[in-house]
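Just so you know, all these numbers are worked out from the coordinates, no wet-lab data involved. This one's a predicted model, so the numbers in the text were calculated from it and none came from an experiment. All Cβ positions, even for glycine, are placed from backbone atoms using ideal geometry, and neighbour counts span all protein chains on display.
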Amino acid sequence: MKGPLVLSLVFLALPALGGYVGVGTIFELGWDAWDVGMAGAGLALAEGPGTLFTNPAGIAWEEGIVLLGSSSSMYGAATSSSVAACLPGVGLGGIILDSGPIDEGLRYRVEGAAAALSIPLSEALALGGRARVLRHVLPQEETGWAVDLAVMLRGPLSLAALAEGLVSQAPVLEETWPPSLSLGVAMALPLPEPLTGALGVAVRGLGEEPLLSLGAQLWAKELGVRAGYCGEKFTCGLSVGWGSFRLSLATELHTTLPPSFKASFQVILR
Amino acid sequence: MRRVLFLLLLGALSGGVLAQEPFTLGVTGQKTWTISYGIGDPEALALEGIYPGQLYLDQSLWADITGQALGLLTVEASFNDQLGPGFQHFVLKLDQSPWHGELGDFYVDQGELGVYNKKLLGIRLTYQDEGFSATSLAARLEGISESLTFQGQAAQTEVLFSYEDPEDPWEPAPYSNQLEGAYFWPLRAPFVEGFSEVTLSLPVSTGLEAFLEDYGLEWLPEALEEEPEVDLYQGDYLVLRDEGDVLILRTSPKVLLRRRIQDAIDTYNDLHDLSGSERKTYPFILDSDLEDAFLTGLFDYAVLEVSEEGYPFSGMGRRRYLLLGEEDVIEGSLELWVRPAGQEEFLPISEPQFSDFSWSLYPEEGVLRISFPDHFFQEGAALKASFKYRQTGGVYMLGLSVVPGSERVYLNGKPLSRGTDYTIDYETGVLVLFIALTEDDELKVDFERQRGGLGGYAEYERVFFGASLEYGGAVVSVYRAVDLGRPDPSTPVMPNTHSVAGLRTAGEVGDWEYVLSFGASENVFPEDDNERIAAQNRINDIVALSAPDGEYVVFAHQNGITIYHQGAFSSYGTGQGLGGRAVRGLLALPDRLLCATDSGLTVVRLWDASPFDRVASWVRIYQDDGFPGEEGLAVAGGEGVVYLATDQAVAVFPPEEAEDPTAWTTLPLPEGEEPRALAASGGRLYLGGKEGLYLWTGADWTKLGSVPGQVNDLLSEGETLYVATDQGVRILKSGAGAGWLSAGEEAHALTSFQGELWWGTDSGLYSKGGKAPLLEGAFTALGGGDALWAGTRADSDYNLDLWQVSPELRRFDQTETLIDGQDLGHYQDLSASDHTARGLVGNLSLSRRLGDWDLDLTARTRWPGYQAIGTTSTSDSHGIGFAASYDGQGLSFSLQGGWDVLDLFTSPNWELSGAIAATWDGVPKVSLRLTPVYSPAEGGFETGFYLDSNWQGELWRAQATLSGGVAGPAWYTAGRLTASFTWTPSSSWRLEAQALRPFRSQGDPGNEKLVLSLRWTEGAGLVSWNAYWTENLEHHLLDPAWTRSSTGQVDLRLKAWEFPGGRLAPRASLSLKSAPGETRWSVKGIGQLELGKEGFQLGVTFGQGFRPASQRRERTLALSLRWESRAWEGLKPILSWERSWQLLYHPQYGEKLTQDQEATLRLLWQSDLPWTNELTLTYEDEGALELVDRFSWPLELGTISLFASANFEEGELEGKVSASYGQPLMEGWDMGVEVGYVLGGSRSSGPVQGLYGRLSLVASF
């Protein structure tokens, strides 16, 4: 049960692997179900507290206080959970990944936190910055951090860019937390009322291991469906909103691994 | 395809139907956030799932969603993150005529192409208009089809007894399957259950001390004396009542002795309080030659004691009892076949040549007693036993992770219903059947197991897509299921592609109705023909080394290493201590052997005799330990250093630092190179790889252009370097090319022996100067010390030889080396054209009504290559048939017939079959059925018959049935005659008699049975009773002696006696059971007394039993008392106490008394006060004590709860005290706070404790 989790954690936590790509991969576990359902293609569509983990520039246009809790079942083998909160221009969130006891004296635990600020330069343009702290707790305590910068242009054609690890220190001294760049484009679909929809494309991880994501979403008022494709993954999801709540579910179908599920619950205080 | 269909769905949405009322939604569920934190001891906090000093966030969510949008879209979803992925559900349905569709998970029903009940995740879209419909789907299969068949409560099995393991013929058969049988001792005194104890002892003697000292265990006698004898587990042995009592070991005596030694080592560690690296460990590699010699040597000192009588291991017997592995074997079902040594075929034991082989069966114990001549017991001989045995209970295990709703359960071909006939737990795969099965019933369960779930491992993702068109009465369908992905070298099966197409049409021609269908399938790599063939094993390296007990030669190969020592070979793999499965290179140091494996470096310390058989000799160094890479590829020795090539670097270290990778230095690899060989000489370091040969310059690698192609091996002699390449053997002098020793054929290995150069190629083994090969074959490794050894690559039949070339030429085949010729970790692709099944299926049925008769005609063909998607069955069957049925007043009649051809494409055989059935609904009601079959291939004619008559009067009912079969031409009949009579003269009395007599013209006829039962239920005035008595008489038809067993019971209930202030209600029962094995009776009395607000219940049970075989008598007495009081306002105490005694008596062993008791006190506070409390205190024998208290106080705003528990048992204490408070915040929102203290520990380890706190927020919607 814990095999894939342990492998993931070993990948993230141990310096001896030699490869430094993916130091901040744990923050992708903080994506909410909306982002997972789009396979990460919604870089230029970012909204809600989940945008803290995907594109912090999107926080600029938030209204009121929004709280988010996400939990996921990964490949039927492990679970993770994250929380995030945002108000206009400010976001804060964290994620904890804990393997539980594996063998006598062996346990992996990683904690991550992110804080973001975003300024709307105009009605269509926002500039955001984010600080991430990554802390390996077990089996060895080490801390690293990175500062990221994001920009987003809203309109019929939305554009976004996110530069991660501009300034950074990896948790392990001999390592580096290399910078990477992600670019996203999104286009609103011309649909009759009450339907709305968008298509999104993103290239993430330029400078590390680039990944191309494609996604689409369709909304009928408070009911939304979405689907995406990235690498060897096909994703789809569903959102429903009522009152102050929005519930999003997503599944990720991998070509060789069992499916993963993600559920996010938003509370909107306006 | 998926995206196309998705866009189609979008198109349907925007097709001008958006004017309707758009949106309704129903969501119910709960979301919980919990933050936990604890301080204290990790062991104590582990009970709460908390690690000290760490903050935890746990979230949970469940939600059920139903929604409708635009009047045409329906959403259904249910999510629970506490369940696995297979238990989540989501589907979006489109329902707007003529379009209908589903996106998400849905099921496919039984179709023409056999796709049954599969759960899919994907999209399905249907266009349905008048007279026309088209459906297409594209989805991923969520499960793996499986099918299990259970043969009623009688399971069929087969056991092989031999000397060799049938799976790995070079290994001995497991203990339970050894032809020599189980070890046994005839007991000198009767074994009496409850009195006799079986213990294993190793009495410490001078001889044992010297023996243990030989194996470095001179410290162990102290621990053996501390605990001189240990009890054997019940499952380790069985006692058979043969000519006398015989104790048979179910567990191998070597396993018993290994366990005894391991226990003694633990005792020694406890005695000396040893921990960490100081702890003593079992020093032997399991099942190694050294361990085998050690345990066999212990036979001289080990003694089994039964009732204080000693039975030395050296006096054990064999060749008499074989354990069948199952109990309650059905007599008459056992068939035995014998294979004498040197023969390949099994022959029935009834053959005349086995006239001196005798045997008998102990069915209850599942033991076969044999008496075979000594000359039979030779290697190669075997005995095969096939039999049925009875299972109990209606629980059937399907295995974990069954896809919900995917099961189809059939009893004798008829489908059963969930909830009515059975229930199933999908997570654990437990199916509970509500129907009692007979021995002849067949229960078949088709189901799907979740891909990637526990127990449902799949090599590939599988997708399913296809379409069907229906117009008028015709349906055309095409479907394909495909495994996605390419196999990697270790994938054992090829990806499957299964396509089917079908046409079905129906209509009328004149008075006839017809249905005509055709189907065709192509199955590339079907399930029974997709196993990739193993790659060939090969010898990768050979070295000679010295250890304290002499010289060794070590052979590295793809499955580990094999050693040659003192004329015998032994193999070692990952189970024995190697870090990786394949060993690419070896280097023998003076005190260590280095093994470069496909998972790091393994070091074998050569410090003790038999070093490979000692656990302490093996040291594994992986990447996590600092090994510079994942795989070790080559290893060589230089001047005082070792060079080790990995897939990422070349490590350099002095020999004494071989186990400490932190002391190693590393050199980079040549760019893009994969090393295959290393050589160091004259201060130069050479590396050979796939791309060529390189020389280390001190800062970088220089490629030597004079050596083209792939380098397989290197040999340096002074200034000369010999290079085995894929083009021959190249010679370099001082780094410059100096000609070819051999050219035109790939050379794999090089060595120098006694001044002469040798090399191996695919065609043979060559030496310098010789033009023809000394030996023919594919030689891949050369080496050795005083002798020259050569190793080969296995041929296409997986034969792999080792050769000792010098001083004398000698071949060692696998019967001696025991090296598997298959590379157990790598496979080769199969050719699709050779592993594709194609076939057709066709059916025509015609039916009409003719007066009072219904007529049906059928014709069908199914080719062996045809297989429907989702099924695993194939058949080669063809036939025509007819059926006619008549249903008149009081008489019904049917006639069926058919001609079938089976195995038309391989060995055709045919059969004619028919069925005649008639029922006359008169007095008596009579039913007759005959089912004749004529099959030349089966040897002739066979018919089943069934005749049943049924009478029913006002007070009685009688039935007689004759059923069975007749077969010819060697005429044989078997069946049974049953009769029953039931008489119910009044509502109080019921008398029932049943008789069964089997008949069989050949073989064991079976048992005749008579059952009489009487039941009397009556009530009269003060007393009412229910009494029954059953007599069972049974005898084997070849043995006139009847055995009798009786059971009876009387339950008395006296009318409650009411008196001022109370009432008394007594009950009593008496039961008696008498059978040949045991006679037992018991009497039980219960009195319920109510005195005012006090309630008492007193129960007394007394019983006695006698077992004639062991002369053991047993008396039991049990008392129970329960007191409950409502005398106190708000406080309700309940006290219950049970105590029982069992007294065993035996003429020889005397008396033995055992007792058991339990007391529980519950105090419930439920007054007008706002709070409630429940305290429970439980005491059990041997000092086990448990205390639990629950307090709850609902306040105006929230609820305060307190919980305390303490459990003390066998010296270990666990306790917990917690307080929690729950507070509603607003509608739908609740908050909870909990703080707690946990305590644990034992007398030996001391106390452990911790404090924790939890804060929860719950949103309900």
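Cα convex hull of chain A: mean projected area in nm², to one decimal?
Hull-based average projected area comes out at 13.5 nm².
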*Cα-based reach from B:K1084 at 20 Å (exclusive), listing lysines while leaving out same-chain residues under 8 positions away*: B:K1055, B:K1073
*asked:* Angle check, please: helix B:253-271 long axis (alpha carbons) against the longest principal axis of chain B (alpha carbons), in degrees 0 to 90, nearest 10.
replied: 80
*Which lysines have a Cα less than 28 Å from the Cα of B:K93, not counting those fewer than 8 places away in the same chain?*
A:K221, A:K233, A:K262, B:K31, B:K118, B:K119
*In terms of the Cα gyration tensor, with a ≥ b ≥ c the square roots of its eigenvalues, is the protein assembly as shown rounded because a/c is under 1.5, prolate because a/b exceeds b/c, or oblate?*
rounded
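Just check region B:157-263 against the gyration tensor rule for me: Cα atoms, a ≥ b ≥ c as the square roots of the eigenvalues, rounded for a/c under 1.5, and otherwise prolate or oblate depending on whether a/b exceeds b/c.
oblate
Over 26 Å, how big is the tail of the calculated P(r) for region A:159-270, in percent of all Cα pairs? Before the final figure, lay out the partial values.
Details: 2296 of 6216 pairs.
Considering region A:159-270, 37 percent of its Cα-Cα pairs are separated by more than 26 Å.
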*Under-5 Å amide H pairs with A:E62, H placed in peptide plane, nonlocal only*: A:G89
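Please give the average number of partner chain Cβ atoms lying within 10 Å of the Cβ of each residue in A:237-247, rounded to a whole number. Intermediate results must be reported in sequence, preceding the final value.
Working: counts 1, 10, 0, 9, 2, 5, 3, 3, 6, 0, 9.
Neighbouring Cβ atoms belonging to other protein chains average 4 per residue here.
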*Could you let me know the centre-to-centre spacing of region B:828-861 and region B:260-291, using Cα atoms, in angstrom?*
66
*Relative packing of A:33-41, B:1067-1075, which averages over residues the other C-beta atoms within 10 Å, highest first*: A:33-41, B:1067-1075
_region B:595-601 - phi-based ³J(HN,Hα) in whole Hz, Karplus 6.51/-1.76/1.60, Gly and Pro as x_ = 10, 7, 10, 6, 9, x, 10
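Against the empirical 2.2 N^0.38 Å scaling, what ratio does the C-alpha Rg of chain B come to? Mind dumping the intermediate values first?
Values: Rg = 39.4 Å, N = 1261, 2.2 N^0.38 = 33.2 Å.
Normalised Cα radius of gyration, chain B: 1.19.
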*Report, by chain and number, residues whose modeled amide H sits under 5 Å from the one on B:F753, excluding near sequence neighbours (fewer than 5 apart, same chain).*
B:W758
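Using a simple charge model, +1 on the beta-carbon of Lys and Arg, -1 on the beta-carbon of Asp and Glu, nothing else, what dipole does region B:185-261 show about its Cα centre, in debye to the nearest 20?
Values: 7 positive and 16 negative charges, 94 e Å.
Charge dipole, region B:185-261, about its Cα centre: 460 debye, nearest 20.
At 37 °C and a viscosity of 0.692 mPa s, what translational diffusion coefficient does Stokes-Einstein give for region B:1127-1260, taking Rh as the Kirkwood radius over Cα pairs? Give it in µm²/s as a whole number.
Once the numbers are plugged in, D ends up at 178 µm²/s.
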*What angle do you read, to the nearest 10 degrees and between 0 and 90, between the alpha-carbon axis of helix B:2-13 and the longest principal axis of chain B?*
40
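Based on the Cβ-Cβ distance of B:T157 and B:V615, what FRET efficiency does E = 1/(1 + (r/R0)^6) give at R0 = 35 Å, to the nearest 0.05? Walk me through the numbers before you get to the answer.
On the way: r = 37 Å, r/R0 = 1.05.
E(calc), rounded to 0.05, equals 0.45.
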*What spacing in nm lies between the two simple spin-label points modelled at B:I880 and B:A979, each 7 Å away from Cα in the Cβ direction?*
4.7
_For region B:468-477, 3J(HN,Hα) per residue [Karplus equation, 6.51 cos²θ - 1.76 cosθ + 1.60, θ = phi - 60°, Hz, x = Gly/Pro]_ = 9, 10, 10, 9, x, x, 10, 10, 10, 9
*With label points built 7 Å along Cα→Cβ from the Cα atoms of B:D1181 and B:L1091, find their separation and express it in nm.*
3.0
*Cβ under 12 Å from B:P404's Cβ, B:P404 left aside: what net charge do those residues give with Lys, Arg +1 and Asp, Glu -1?*
-3
*Averaged over B:56-67, how many beta carbons belonging to a partner chain fall within 10 Å of each residue's beta carbon?*
5
*Among B:N269, B:L224, B:P186, flag the residue with its Cα farthest along the positive direction of the charge dipole of region B:183-317, charges on Cβ as +1 for Lys/Arg and -1 for Asp/Glu.*
B:P186
*Inter-label distance for B:S796 and B:T906, nm, one decimal - labels placed 7 Å from Cα along Cα-to-Cβ*: 2.4
*Assuming R0 = 30 Å, can you tell me the calculated FRET efficiency for the pair B:E243 and B:S314, based on Cβ-Cβ distance, to the nearest 0.05?*
0.85
*Calculate how steeply helix A:3-13 sits against the longest principal axis of the alpha-carbon atoms of chain A, using the helix alpha-carbon long axis, and give the answer as 0 to 90 degrees to the nearest 10.*
80
*Full extension from B:M1226 to B:T665: what is 0.36 nm times the residue separation minus their Cα-Cα distance, to one decimal in nm?*
195.4 nm
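Between B:S1074 and B:Q1157, what is the FRET efficiency for a Förster distance of 22 Å, r being their Cβ-Cβ separation, to the nearest 0.05? Each step should come with its number before you reach the end.
On the way: r = 31 Å, r/R0 = 1.39.
Once rounded, the FRET efficiency stands at 0.10.
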*Among the lysines, which fall within straight-line cross-link reach of B:K414, defined as a Cα-Cα distance under 16 Å, with same-chain neighbours fewer than 8 residues apart omitted?*
B:K444
_the protein assembly as shown - mean residue ellipticity at 222 nm from DSSP helices (-39,500 (n - 2.57) per run, n ≥ 4, rounded to 500)_ = -1500 deg cm²/dmol
*Please report, in debye to the nearest 20, how large the charge dipole of chain A is about its Cα centre when each Lys and Arg carries +1 at its beta carbon and each Asp and Glu carries -1 there.*
480
*asked:* I need the trypsin sites (Lys or Arg not before Pro) found in region B:1182-1261, filtered to DSSP loop residues with at most 14 other beta carbons within 10 Å of theirs.
replied: B:R1243
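Please report, in debye to the nearest 20, how large the charge dipole of the protein assembly as shown is about its Cα centre when each Lys and Arg carries +1 at its beta carbon and each Asp and Glu carries -1 there. Kindly include the intermediate steps, with their values, before the conclusion.
Working: 105 positive and 201 negative charges, 905 e Å.
Charge dipole, the protein assembly as shown, about its Cα centre: 4340 debye, nearest 20.
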*Average beta carbon contacts from partner chains per residue of A:89-97, 10 Å cutoff*: 1
_Gain upon complete extension [B:T281, B:D829; 0.36 nm per residue less C-alpha separation]_ = 192.8 nm
_From phi via Karplus (6.51, -1.76, 1.60), per-residue ³J(HN,Hα) for region B:544-550 in Hz, x at Gly/Pro_ = 10, 8, 10, 10, x, 9, x
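Expected output is a single nm value to one decimal: the length gained when fully extending between B:E674 and B:W1193, i.e. 0.36 nm times separation in residues minus the C-alpha distance. What is it? Could you put the intermediate results ahead of the total?
Values: separation 519, 0.36 × 519 = 186.84 nm, distance 7.27 nm.
Stretched out fully, the B:E674 to B:W1193 stretch lengthens by 179.6 nm.
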*Selection from A:C86, A:V225, A:L191, by position along the positive dipole direction of chain A (Cβ)*: A:L191
*asked:* Largest first, please: the extent of the C-alpha atoms of region B:533-828 along each principal axis, to the nearest Å.
replied: 47, 46, 39
